[in-house]
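Just so it is clear, none of the values below were taken in a lab; they were calculated from the coordinates. Only a predicted model underlies this, so the values are computations on that prediction, with no experimental measurement involved. Positions of Cβ are backbone-derived with ideal geometry, glycine not excepted, and every protein chain shown enters the neighbour counts.
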Amino acid sequence: MANKLLIIEDDSHTSGELSRYYRQKGWLVSVADGVAEARRLLDKEFNPHVILADLGLPDGSILDHFEDIHADTDHSEWVFAFESNSRTNIDRIDELAYEFIEKPINQSRLDVMLKRALRASLTARRLANYSNSDSQLYHFDAYIGHSEAVSDLKDMLKRLMDVPISTMIITGETGTGKGLTARIIHNNGLRKDGPLVELNCAALPKELMESHLFGHESGAFTGAKGRHRGLIEQADGGTLFLDEIGDMDLDLQAKLLKAIEDKRIRRLGGEREISVDVQIIAATGIDLEQASRDNRFRDDLYHRLSVFCITLPPLRERKNDLVELVPRIIAEFNSKANRRVEVVPDQVWDQLLAYDWPGNIRELRNVVERCVLLSSDEIFPSKWLQLTDNDSQEANVSTVGIPTDSIVIPLDGSMALDEMDSHIIQNALELNDFNITETARVLGTTRETLRYRVQKYGLNTSA
Ligand SMILES: Nc1ncnc2c1ncn2[C@@H]1O[C@H](COP(=O)(O)OP(=O)(O)OP(=O)(O)O)[C@@H](O)[C@H]1O
């Protein structure tokens with residue numbers, strides 16, 4: 001792929017000479033004669049590695065719009081050029097630019113600057129790709145298990161890899177690996193070289209969710225500083241993973257459906273439509289068909305999304321996978337925490353196999369993590385398993401002399417952080433007569449976050 005250079009310069013003689021010179025050196029060059037033209041080119045995804053910008057432009061200064069313009073680039077590096085006799089804020093330039101150079105331009109100095117800026121841009125893009133795509137981490141084998149249910153699932157996933165999927169739903173109980181499966185599909189499918197953008201639909205209030213998804217123009221609403229490209233736009237050419245889709249507001253569902261069908265979106269406060277090419281993977285722990293019958297989820301969106309539907313089996317229905325899962329998770333935490341657990345006694349296996357795992361693999365990971373961290377030799381310690389149901393766990397905790405509006409947490413290593421979180425929320429709900437607003441208030445969180453966690457941990461929301 002050619003190295004791309006954008007020259008922003010109003011003097012056509014200078015820009016002509018520079019573009020000829022750098023084209024000969026193998027760069028793909030575009031020229032803009034002012035701020036407006038530069039924005040137009042960047043919007044068209046020219047995606048330059050380096051931007052050489054003159055500071056004195058007839059339609060304004062790049063510096064005044066820098067944050068907006070820079071937000072439209074993908075790790076581009078800036079080199080500013082300015083007249084030596086102009087009144088220039090060098091501190092500001094130094095803060096924003098990779099390099100800066102006084103006019104008249106010394107060609108060989110500029111050559112060196114552009115080369116360095118190009119290297120910086122390429123490095124930043126590679127790093128971003130590496131951490132974004134995680135293609136190693138999300139190979140098919142990352143989904144551990146060989147039970148019949150998992151083998152069927154993997155066969156199905158492999159078949160889907162060569163198919164251009166525009167929408168799909170992954171369903172399954174909490175902790176069954178919906179997020180993991182979405183990442184595997186993206187990283188092994190036709191769009192693996194594009195971005196994977198994730199959004200939890202339960203985590204934000206409606207207004208914020210809309211601007212996150214569709215983006216906004218500067219001043220589109222109070223507090224909308226600068227232009228923002230929404231997640232749908234950011235996922236262009238790749239995948240948008242919408243977790244907890246069942247929690248999406250109904251109006252927003254209608255807008256999402258329109259965006260999927262038209263393959264176009266409009267930023268909030270924006271006038272023009274932008275084409276997008278995005279694969280949408282939605283995940284949910286609730287029965288969307290039932291939700292659409294109850295008018296809690298749009299029927300048309302449900303049918304659009306469920307062209308392909310994958311249901312992940314709960315761990316209790318594939319307990320024979322424990323023999324593969326447990327050693328892999330032990331090895332992971334042995335290496336993370338510098339432990340050396342090697343032996344899993346029979347009585348531990350008996351307990352692991354007898355338990356129903358309502359929190360599925362996430363719960364299994366927490367339990368194994370706790371046991372490995374608290375191990376003192378190569379034997380997996382059974383005493384930290386604590387695979388009891390909530391009722392008997394609570395019965396073990398003495399509450400004598402503790403105020404009735406308090407929540408007791410044993411700090412003896414018997415609860416993982418997630419379990420504490422779920423225990424606090426369940427107790428806070430009970431103390432507040434299952435009133436979501438009041439419970440969110442006493443926990444200092446939003447109702448949306450609270451609802452998300454209630455669903456995630458499968459908590460009771462009524463007496
Ligand atoms: N089959 C599996 N093999 C290995 N790890 C798994 C598997 N399934 C899930 N996990 C791990 O379990 C944890 C929970 O998985 P994940 O977050 O994908 O579940 P989820 O179904 O999206 O949960 P939720 O609905 O609560 O968001 C993650 O650490 C994930 O990597």
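Please give the length that would be gained between residue 67 and residue 271 if that part of the chain were fully extended, namely 0.36 nm times their separation in residues minus their C-alpha to C-alpha distance (nm, one decimal).
The residue 67-residue 271 span can extend by a further 71.4 nm.
Normalised radius of gyration for region 315-387, please: alpha carbon Rg relative to 2.2 N^0.38 Å, two decimal places.
0.99
Residue separation times 0.36 nm, minus the C-alpha to C-alpha distance between residue 109 and residue 430: what's the value?
Gain in length upon complete extension: 108.6 nm.
Quick one: length gained pulling residue 407 to residue 388 fully straight, 0.36 nm per residue minus the C-alpha distance?
Once the chain is fully extended between residue 407 and residue 388, it gains 4.9 nm.
Starting from the Cα of residue 95, step 7 Å toward the Cβ, then list every residue of region 49-66 with an amide N under 16 Å from that point.
62-66
Taking Rh as the Kirkwood radius computed over C-alpha pairs, what is the Stokes-Einstein D of region 229-271 at 10 °C in a medium of viscosity 1.306 mPa s, expressed in µm² per second?
Stokes-Einstein gives a translational diffusion coefficient of 139 µm²/s.
Could you state the per residue volume, in Å³, of the convex hull enclosing the Cα atoms of region 248-336?
Measuring per residue, one finds 176 Å³ for the Cα hull of region 248-336.
Would you mind computing, in nm to one decimal, how far apart the modelled labels at residue 162 and residue 317 are, each placed 7 Å from Cα along Cα→Cβ?
2.9
Give me 115, 456 ranked fewest to most by other Cβ atoms within 10 Å of their Cβ, as a rough exposure proxy.
115, 456
List the GluC sites (Glu not before Pro) in region 240-317 that DSSP assigns to loop (not H, G, I, E or B) and whose Cβ has at most 10 other Cβ atoms within 10 Å. Which are they?
Filter output for region 240-317: 271.
How large is the Rg to Rh ratio of region 2-71 when both quantities use alpha carbon positions and Rh follows Kirkwood?
My calculation of the ratio gives 0.95.
Report the per residue volume, in Å³, of the convex hull enclosing the C-alpha atoms of region 254-301.
91
Past 18 Å, Cα to Cα, is the threshold; run 158/263; 154/178; 255/456; 258/456 against it and keep the listed order.
Beyond 18 Å between Cα atoms: 158/263; 255/456; 258/456.
Grab the other residues whose beta carbon is less than 12 angstrom from that of residue 293, score K and R as +1, D and E as -1, and report the net.
Residues close to residue 293 contribute a combined charge of -2.
Quick one: the Cα spread of the chain along its three principal axes, in angstroms, biggest first?
Result, largest extent first: 82, 53, 50 Å.
What nm distance separates the two modelled labels at residue 262 and residue 335, each placed 7 Å from Cα along Cα→Cβ?
Spacing of the two 7 Å Cα→Cβ label points: 4.8 nm.
Taking amide H positions as placed in the peptide plane 1.01 Å from N, state which residues far from residue 282 in sequence (5 or more) or on other chains have amide H under 5 Å from it.
For residue 282, whose amide H was placed from the backbone, the distant partners under 5 Å are 168, 169, 170, 242.
Please report the base-10 log of the normalised intensity I(q)/I(0) for region 4-132, using a Debye sum with one equal scatterer per alpha carbon and no solvent, at each q in 0.15 (1/Å).
-0.66
Starting from the Cα coordinates of region 140-313, work out the convex hull volume and express it per residue in Å³.
Looking at region 140-313, the number lands at 112 Å³ per residue.
Rounded to the nearest 5, what is the percent of antiparallel bridges among the DSSP beta bridges in the chain?
Among the beta bridges of the chain, antiparallel pairing accounts for roughly 10 percent.
Kindly rank 369-378, 15-24, 356-365, 279-288 from highest to lowest mean number of other beta carbons found within 10 Å of each residue.
279-288, 356-365, 369-378, 15-24
Compute the label zone of residue 421 within region 237-254: residues whose backbone N is under 16 Å from the point 7 Å along Cα-to-Cβ.
243-244
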